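First the structure, in the form of structure tokens, and then the observations on it.
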There are 2 protein chains.
Amino acid sequence: MPTPRRAARSSGRALGAIGEFGLLARLLPILPTGGRGVLLGPGDDCAVVAPRGRALLVTIDALVEGVHFRRGWLSPAELGRKAFAVNASDLAAMGGAPRWGVVQIAAPPRLPAADVVAISRAIAAAARRAGASLVGGNLSRARELSVALALIGEAPPRPVTRAGARPGDALYVTGRIGDAALGVRLLRRGIRSGPAVSRFRAPTPRLAAGALLARRRLASAMIDVSDGLLQDLGHLCAASAVGARIELARVPCAPAVRRAGIDLALTGGEDYELLFAVPRRRETALARVASQFGCAVTRIGECTRGGGIRVVDERGREQSFAGGHDHFR
Amino acid sequence: MPTPRRAARSSGRALGAIGEFGLLARLLPILPTGGRGVLLGPGDDCAVVAPRGRALLVTIDALVEGVHFRRGWLSPAELGRKAFAVNASDLAAMGGAPRWGVVQIAAPPRLPAADVVAISRAIAAAARRAGASLVGGNLSRARELSVALALIGEAPPRPVTRAGARPGDALYVTGRIGDAALGVRLLRRGIRSGPAVSRFRAPTPRLAAGALLARRRLASAMIDVSDGLLQDLGHLCAASAVGARIELARVPCAPAVRRAGIDLALTGGEDYELLFAVPRRRETALARVASQFGCAVTRIGECTRGGGIRVVDERGREQSFAGGHDHFR
């Protein structure tokens, strides 16, 4: 591992100056070689891992400069941690536990080599904290910085999918919704600190909650809220062939989000909270284990027999919201 | 699956016009839902797969527009097939068999939606032909088109790494070297067909050869030739702590490559052939099974006790070559 002084001294050197293999020579020593079920870590054509016989979950996600973040919004370490978090959130949404990851980093040659080192080190550290290992990766040149991470996780005995919700099931979310979208709004205005900005920078994958919901068979359907609450609810409802009724006043939001506009919570995206359906007969059991989730759990509505998705205010009046994240629009 | 007429009609519509979810609605029906060991295919937060208890290989690689290809060099279907091939080649280099893949496609909104459909369909088809399944993916916007694929494969009982070659082991390569680099040179000159261009467009991962070399314990070390023969040989030698002596006249090249310059074969890259070391006592056994490789196998030199990598011509004179692919230089 380089000493802080060496790291500082090298921070100005661009990728184009030290080259791909100079960078690899710097990266490989700082990546862990071991870890649970890791037979061969980074540095060869492939990693070799030993599954324990359970089903595995597989997911891939990317953070792209100019799309998911602008230069200066995230430090390299924050970018690495967030890349891990958004992938781990997909595993959480099925009740899984992260085990092994491989990363593809594309970067312009002018980028400081130390940035790629910091990104990789942060992914590896975030993985380790979650009981997982970064076992390999690939580097390539590109016009813009991007980090694509593929994660393999251990599935619970019964993975929770988006399908499976029934009319009458209650709808819950973990944590708070809308902070990250408010954070993006503030960052665009040049405000670079505060709780909302922090939530954009450092989402928390709800791994403990997801695992408990799956293992205790509390959730009939689940999804992570990455593209906006209503849009992701739409995916859950479509997969489950149900409608939904959401009570606006129950959606858990920071006061700052309500002041800025409740649409941030409904259509904003990047929350990485879990949205899940719970059969009525399981709500008592949910209440008993929710204290182990490490976050709030809030009932925000229920699944209905068709009828699309309706959002109602405190007086029962239907409200309409447009939006949600679409990558190509 | 859309009829050819519908596909043609939609080919002009850009991603920005149909949107991410319009694209997903078009993609999901054409992706296979089943496959060996696939419990849940594309369309949820994660895929669910069932390993058979063997160790797994994991790798990730990317093809980036402007780096690995220029617009017009590869059709969308060729890009998809090649993305699968370059990843499968990493599995082949350890003796593995591809099983499950997840893809991250980043694309500019102006790209025709039909191109992303064609890329995805081609990856899925290439996977299926190799006994594997494309089980999931993610789409995001970007300034340039890129395809990052993570592949999980089944490991052989003893995966072959880059380490393990001993002084005196013979060095072999599969197939022919240098065609792809010649192909790139021709494409840069506007020549868009011919055998060398085809080899750039459609490399063949040497899965059968890699699997036999591992299972019959013929290779003491192995790597795939992606960054240039000498550079990849350098990685194998460094990992194995050996030197190497390569006989220039034995390097298997097309006559067109020799005419264009043998450096294409030594430093050109993108061959996706296998380079492997064979203990002397195993060379007879190698000769017996080589007919099952589906490609030529050529002895090009041997591992030495230190001394770096030396390339000698027919008269034993040492030749010097500089180069090999470096992403950031």
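Looking only at the range A:27-48, decide whether some residue is among the polar types (S, T, N, Q), more than 14 Å from the chain's Cα centre (by Cα) and at pLDDT below 95. Yes - at least one qualifying residue is present in the range A:27-48.
Per the listing B:291, B:220, the residue uniquely modelled with pLDDT of 95 or more and in contact with a Lys or Arg (Cβ under 7 Å, 6 or more places away or on another chain) is B:220. Taking strands (runs of 3 or more DSSP E) as the structural unit, those lying wholly within the range B:38-120 and holding at least 2 residues that are within 11 Å of chain A (Cβ to nearest Cβ), among the β-branched types (Val, Ile, Thr) and surrounded by 24 or more Cβ atoms within 10 Å (Cβ to Cβ) correspond to B:56-64, B:97-107.
Cβ-Cβ contacts under 8 Å between residues 6 or more apart (or on different chains), taken from a first residue in the range A:64-92 that is within 16 Å of residue A:133 (Cα to Cα) to a second residue that is β-branched (Val, Ile, Thr) and assigned to a strand (DSSP E or B), are listed as A:80/A:147; A:83/A:103; A:83/A:147; A:87/A:59; A:87/A:60; A:91/A:59. Within the range B:206-224, the set of residues being among the basic types (Lys, Arg) and within 14 Å of chain A (Cβ to nearest Cβ) comprises B:206 only. The number of residues in the range A:184-193 that are loosely packed, with under 14 Cβ neighbours inside 10 Å and closer than 19 Å to residue A:81 by Cα comes to 2. Within the range B:97-116, residues that are within 18 Å of residue B:75 (Cα to Cα) reach partners that are hydroxyl-bearing (Ser, Thr, Tyr) and assigned to a strand (DSSP E or B) with beta carbons closer than 6 Å, at six or more positions or on different chains, in the pairs B:106/B:140; B:106/B:146. Selection of first residues in the range A:300-329 that are more than 14 Å from chain B (Cβ to nearest Cβ) and of second residues that are in a loop (DSSP other than H, G, I, E, B), restricted to Cβ pairs under 6 Å at least 6 apart or on distinct chains, gives the following pairs, ordered by first then second residue: A:300/A:251; A:303/A:165; A:303/A:167; A:303/A:169; A:303/A:242; A:304/A:167; A:305/A:167; A:319/A:313.
Of the residues making up the range A:160-182, those that are surrounded by 24 or more Cβ atoms within 10 Å (Cβ to Cβ) and not hydroxyl-bearing (Ser, Thr, Tyr) are A:160, A:165, A:169, A:171, A:173, A:177, A:178, A:179, A:180, A:181, A:182.
Quick check on residue B:163: is it over 25 Å from residue B:288 (Cβ atoms) and not assigned by TED's automatic domain parsing to the domain that holds residue B:285? It is true that residue B:163 is over 25 Å from residue B:288 (Cβ atoms) and not assigned by TED's automatic domain parsing to the domain that holds residue B:285. Looking only at the range B:132-159, which residues are more than 9 Å from chain A (Cβ to nearest Cβ) and over 16 Å from the mean Cα position of the chain (by Cα)? Passing the criteria: B:133, B:134, B:145, B:154, B:156, B:157, B:158.
The residues of the range B:88-115 that are under 17 Å from residue B:68 (Cβ atoms) and out of contact with any Gly (no Cβ under 7 Å at 6 or more places or on another chain), listed by number, are B:88, B:89, B:90, B:106, B:107, B:108, B:111, B:115. Confirm whether residue A:167 is in contact (Cβ under 8 Å) with a residue 60 or more places away in the chain, closer than 23 Å to residue A:238 by Cα and either part of a loop (DSSP other than H, G, I, E, B) or aliphatic (A, V, I, L, M) (or both). Against the criterion (in contact (Cβ under 8 Å) with a residue 60 or more places away in the chain, closer than 23 Å to residue A:238 by Cα and either part of a loop (DSSP other than H, G, I, E, B) or aliphatic (A, V, I, L, M) (or both)), residue A:167 qualifies.
The values are calculated or read from the model by the stated rules, or taken from the named source; none is laboratory data. Because the structure is predicted, anything quoted here is derived from the model rather than measured. Don't worry about glycine lacking a Cβ; one is built from the backbone with ideal geometry, like all the others, and counts go over all protein chains shown.
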